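Chemist: Here you go, one structure.
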Amino acid sequence: MAHIRTKELEAGMTLSMDVSDNNGRLLLGKGCELSDKHILALKAWGVTSVDIEEDEPTQQVTVSEIPEDIMEAVRNEVAGHFKYSNTEHPFIQAIMEKAVVVKAAEYMREGGH
């Protein structure tokens, strides 16, 4: 996360935290990709600086690189989030498998071999 002055903002940057006015009213939400109009509005609202996501190089992890024991542990964790779903439905199965792959790859990127 980088704290950037409003006059240094560029279109395409992404907010890493909500932006609120002095009364606590939400102006732009976390994750908003800034456009030129957003930047003009921030300046008009008197916002002097915001927090921006920093570009981090992401290490790509393929499913074949993830050990089976980690995949199994993540499958069990993800299954808990779907305990009230019809896990026999093909759509739910596809979502679950995608969640397993994403979570296991994230675990591997964070050094959990």
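Listed here are the residues, each with its yes/no results for (1) of a type in the set (Lys, Arg); (2) touching a strand residue (DSSP E or B) at 6+ places or on another chain (Cβ under 9 Å); (3) over 28 Å from residue 102 (Cβ atoms).
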position	(1), (2), (3)
20	no, yes, yes
23	no, no, yes
30	yes, yes, no
41	no, yes, yes
49	no, yes, yes
63	no, no, no
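Chemist: Okay, next question. Mind listing just one residue for me: the one in the range 1-40 that is over 17 Å from residue 54 (Cα atoms) and among the hydrophobic types (A, V, I, L, M, F, W, C) and, of those, surrounded by the fewest Cβ atoms within 10 Å (Cβ to Cβ)?
Modeler: 26
Chemist: Right, next: Is one or more of the residues making up the range 49-71 of a type in the set (Ser, Thr, Tyr), modelled with pLDDT of 90 or more, part of a loop (DSSP other than H, G, I, E, B) and over 19 Å from the mean Cα position of the chain (by Cα)?
Modeler: no
Chemist: Hey, another quick one. Just one of the numbered conditions (1) part of a helix (DSSP H, G or I); (2) at pLDDT 90 or above is not true of residue 106; which one?
Modeler: Only one criterion in (1) part of a helix (DSSP H, G or I); (2) at pLDDT 90 or above is unmet by residue 106, namely (2).
Chemist: Go through the residues of the range 18-28 one by one and say whether even a single one is in a loop (DSSP other than H, G, I, E, B) and of a type in the set (S, T, N, Q). Steps first, please.
Modeler: So in the range 18-28, the residues in a loop (DSSP other than H, G, I, E, B) come out as 18, 21-25.
Adding the requirement that they be of a type in the set (S, T, N, Q) leaves 22-23.
Yes, some residue in the range 18-28 is in a loop (DSSP other than H, G, I, E, B) and of a type in the set (S, T, N, Q).
Chemist: Test residue 87 against the criterion of being modelled with pLDDT under 95, farther than 23 Å from residue 30 by Cβ, outside any helix (DSSP H, G or I) and not assigned by TED's automatic domain parsing to the domain that holds residue 22, and give yes or no.
Modeler: So residue 87 fits the description; yes.
The values are calculated or read from the model by the stated rules, or taken from the named source; none is laboratory data. The shown structure was predicted, so the numbers you read here are calculated from the model rather than taken from an experiment. Every residue, glycine as well, gets a Cβ built from its backbone with ideal geometry; the counts of neighbours run over all protein chains shown.
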